Amino acid sequence: MIITAFRPEKEIYEGLVIPRQISIASILAIFGFGEEHITVGSTITPYMINSTYISIIVMIVSTVLGVLGGYALARMRFPGKDILSSMSLFAYVFPTVVIMVPIFYLFSMWKLVNSPTGLILALLSHTLPYTLWMLRGFFQTIPVDIEEAAFIDGCNRIKTIIRIVFPLSTPGIVATATYAFILAWNNVLFPLILISRTDLQVVSIGILNYMKADFVPWDRLMAASFIATLPPTLLFFAIQRYIVAGLTAGAVKR
């Protein structure tokens, strides 16, 4: 993908593993610059903007609800808690294709098709079960004695979460939030079914648009794919130490 993205268009069909020269014409073309302007679809910039703000909203909402729900499942006692904990991952038993018809039907009745709100809600149904499960497992690794000491010092449940649980859970929360962002960023089926307006489409659908013509511009397709992988990749490397610590700690129950 990377080699093809930086390979001149005339060399793509020559079968060379290593290109004779490096060219950024394809990168410039997908952003609407350079001598070779894009002829298939539109520039990738609007798709990147839509994906960025939708993925960030999904990440924030998933993390906030995951913290509150995961803490409740890990610490509070109420009837059906164990069943609810197990059901949090039951959403992944069925493939997304199976639930797309009822989701599209409901969203059509609620006027949420071709709406960023509808896409965000659909993506939350995909990310929230994961955040609940992972953060529940991470909160269970925090000693209860620390929270009980906070209660003795006069903290209520909310203050305990903010001042005690949240700082101790930073690696797990960061790891879970990052994965929620990646899930939302990479999703194809929900935006493909729920969004038909070009101005609302995300980057995963923008890449598919390069393949709808009779002639597929492979250099620009690979360039768009390369650019689309940069945000989640850079985010992963920026907070890699938190991700490793968070996923390791949340994987076991003490």
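What are the pairs with Cβ atoms under 7 angstrom where one residue, in segment 53-82, is free of Cβ contacts under 8 Å to residues at least 60 places away in the same chain and the other, located anywhere, is crowded, with 20+ Cβ neighbours inside 10 Å? Sequence gap at least six, or different chains.
Filtered contacts from segment 53-82: 81/73.
Quick check on my filter: what residues within segment 119-144 are outside any helix (DSSP H, G or I) and in contact (Cβ under 8 Å) with a residue 60 or more places away in the chain?
Of all residues in segment 119-144, those outside any helix (DSSP H, G or I) come to 140-143.
Result: 140, 141.
Results for (1) buried (at least 19 other Cβ atoms within 10 Å of the Cβ); (2) in contact with a Leu (Cβ under 7 Å, 6 or more places away or on another chain), shown as yes or no for each residue.
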position: 114; (1), (2): no, yes
position: 127; (1), (2): yes, yes
position: 133; (1), (2): yes, yes
position: 138; (1), (2): yes, no
position: 141; (1), (2): no, no
position: 152; (1), (2): no, no
position: 158; (1), (2): no, no
position: 164; (1), (2): no, no
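Show me the helices (runs of 4 or more DSSP H) entirely contained within segment 9-107 in which 1 or more residues are of a type in the set (Lys, Arg) and buried (at least 17 other Cβ atoms within 10 Å of the Cβ).
Values: elements: 25-30, 45-75, 81-87.
Correct list: 45-75.
Go through segment 75-115 and give me each residue that's farther than 30 Å from residue 165 by Cα and among the charged types (D, E, K, R). Quick ask: steps written out before the conclusion?
Taking segment 75-115 first, the residues farther than 30 Å from residue 165 by Cα are 93-115.
Hit for segment 75-115 is 111, nothing else.
Only one of 27, 22, 38, 44 is under 21 Å from residue 230 (Cα atoms) and at pLDDT below 80. Can you tell me which? It would help to see each step written out before you state the result.
Numbers: 27 fails: at pLDDT below 80; 22 fails: at pLDDT below 80; 44 fails: at pLDDT below 80.
Only one candidate passes the filter, namely 38.
Does segment 67-94 hold any residues that are of a type outside the set (A, V, I, L, M, F, W, C) and on the phi < 0 side of the Ramachandran plot, and which are they?
Taking segment 67-94 and keeping what is of a type outside the set (A, V, I, L, M, F, W, C), we get 69-71, 75, 77, 79-82, 85-86, 88, 92.
Once the filter is applied, which keeps residues that are of a type outside the set (A, V, I, L, M, F, W, C) and on the phi < 0 side of the Ramachandran plot, segment 67-94 yields 69, 70, 71, 75, 77, 79, 81, 82, 85, 86, 88, 92.
Does residue 97 satisfy the criteria of being more than 17 Å from residue 58 (Cα to Cα) and in contact (Cβ under 8 Å) with a residue 24 or more places away in the chain? Step through it out loud before you land on a result.
On the way: more than 17 Å from residue 58 (Cα to Cα): yes; in contact (Cβ under 8 Å) with a residue 24 or more places away in the chain: yes.
Considered against the rule, which asks whether it is more than 17 Å from residue 58 (Cα to Cα) and in contact (Cβ under 8 Å) with a residue 24 or more places away in the chain, residue 97 comes out as yes.
Considering only segment 178-195, I want to know if a residue exists there that is out of contact with any Asp or Glu (no Cβ under 9 Å at 6 or more places or on another chain), touching a residue at least 40 places away in the same chain (Cβ under 8 Å), β-branched (Val, Ile, Thr) and within 18 Å of residue 2 (Cβ to Cβ).
In the first step, residues of segment 178-195 are kept if they are out of contact with any Asp or Glu (no Cβ under 9 Å at 6 or more places or on another chain); the result is 178-195.
Okay, now just the ones that are also touching a residue at least 40 places away in the same chain (Cβ under 8 Å), so 178-187, 189-191, 193-195.
Filter once more, so that each one left must be β-branched (Val, Ile, Thr): 178, 182, 193, 195.
Subset that is within 18 Å of residue 2 (Cβ to Cβ): none.
No, there is no match, as no residue in segment 178-195 is out of contact with any Asp or Glu (no Cβ under 9 Å at 6 or more places or on another chain), touching a residue at least 40 places away in the same chain (Cβ under 8 Å), β-branched (Val, Ile, Thr) and within 18 Å of residue 2 (Cβ to Cβ).
Name the residue, out of 116, 167, 143, 171, that is within 19 Å of the chain's Cα centre (by Cα), modelled with pLDDT under 90 and farther than 13 Å from residue 71 by Cβ. Before you say what the answer is, go through the steps one by one.
Numbers: 116 fails: modelled with pLDDT under 90; 167 fails: within 19 Å of the chain's Cα centre (by Cα); 143 fails: within 19 Å of the chain's Cα centre (by Cα).
So the residue among 116, 167, 143, 171 that is within 19 Å of the chain's Cα centre (by Cα), modelled with pLDDT under 90 and farther than 13 Å from residue 71 by Cβ is 171.
The values are calculated or read from the model by the stated rules, or taken from the named source; none is laboratory data. Everything numeric here is computed off the predicted structure, so don't read it as measured data. As a convention, Cβ positions derive from the backbone with ideal geometry for all residues, glycine included, and neighbour counts pool all protein chains shown.
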